[in-house]
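Notes to accompany the following structure.
The values are calculated or read from the model by the stated rules, or taken from the named source; none is laboratory data. Predicted model only: the values in this text are computed from it and were never measured. All Cβ positions, glycine included, derive from the backbone under ideal geometry; neighbour counts span all protein chains shown.
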Amino acid sequence: MKKVLLLLSVMFATCVMVHVDAQTATTPDVLPQFPGGDTALYEFVSQNLVYPQQAVNDKVEGNVFVEFIITVDGEVVNAKILRGLTPECDAEVLRIVGLMPRWTPAVDDGKRVDARFVLPISFKL
């Protein structure tokens, strides 16, 4: 398949990370972190994400916003598309999130907590 330039936009200023709790939704003291940090997250997504052929054929470009929970054990669960692009691009983003290794979990008040994370991924030809 033709190689296509993929831009990954992981803008942590726009990512939403909150402690998931039935009572409150607050920003944890320590945010969850992908193993190896932000650069490793960029590399992971760019190495694993494949621009869907239908999107290439249709010259589709844009952003997919995916939300997932990072559990107290660092697992990535409950991924869902918040704002999609095409069914093929959305499915590819969900596939990639499903491949992610365990993260370092968020910490709030000295204990590990589940945290919601929103990741924008840009597709650009």
Tally, over the stretch 51-77, of residues that are surrounded by 14 or more Cβ atoms within 10 Å (Cβ to Cβ), within 29 Å of residue 108 (Cα to Cα) and either without any contact (Cβ under 8 Å) to a residue 24 or more places away in the chain or of a type outside the set (Val, Ile, Thr) (or both): 5
Quick check on my filter: what residues within the stretch 83-98 are under 14 Å from residue 122 (Cα atoms) and either among the β-branched types (Val, Ile, Thr) or part of a strand (DSSP E or B) (or both)? 83, 86, 93, 96
In the stretch 98-125, which residue that is surrounded by 20 or more Cβ atoms within 10 Å (Cβ to Cβ) and within 11 Å of the chain's Cα centre (by Cα) is farthest from residue 42 (Cα to Cα)? 117
Answer with yes or no whether residue 40 is modelled with pLDDT under 90 and either over 15 Å from residue 120 (Cβ atoms) or assigned to a loop (DSSP other than H, G, I, E, B) (or both). no
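So, residue 9, is that one surrounded by 12 or more Cβ atoms within 10 Å (Cβ to Cβ), small (Gly, Ala, Ser), in a helix (DSSP H, G or I) and modelled with pLDDT under 95 or not? Walk me through how you get there before you give the answer.
On the way: surrounded by 12 or more Cβ atoms within 10 Å (Cβ to Cβ): yes; small (Gly, Ala, Ser): yes; in a helix (DSSP H, G or I): no; modelled with pLDDT under 95: yes.
Spelling it out, it is not the case that residue 9 is surrounded by 12 or more Cβ atoms within 10 Å (Cβ to Cβ), small (Gly, Ala, Ser), in a helix (DSSP H, G or I) and modelled with pLDDT under 95.
Residue under question is residue 48, and the condition is that it be polar (S, T, N, Q) and either in contact with a His (Cβ under 8 Å, 6 or more places away or on another chain) or within 20 Å of residue 104 (Cβ to Cβ) (or both); does it hold?
On the way: polar (S, T, N, Q): yes; either in contact with a His (Cβ under 8 Å, 6 or more places away or on another chain) or within 20 Å of residue 104 (Cβ to Cβ) (or both): yes.
Yes: the conditions hold for residue 48.
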Pick from the stretch 45-74, criterion part of a strand (DSSP E or B) and touching a Cys at 6+ places or on another chain (Cβ under 9 Å), ranking: farthest from residue 101 (Cα to Cα): 62
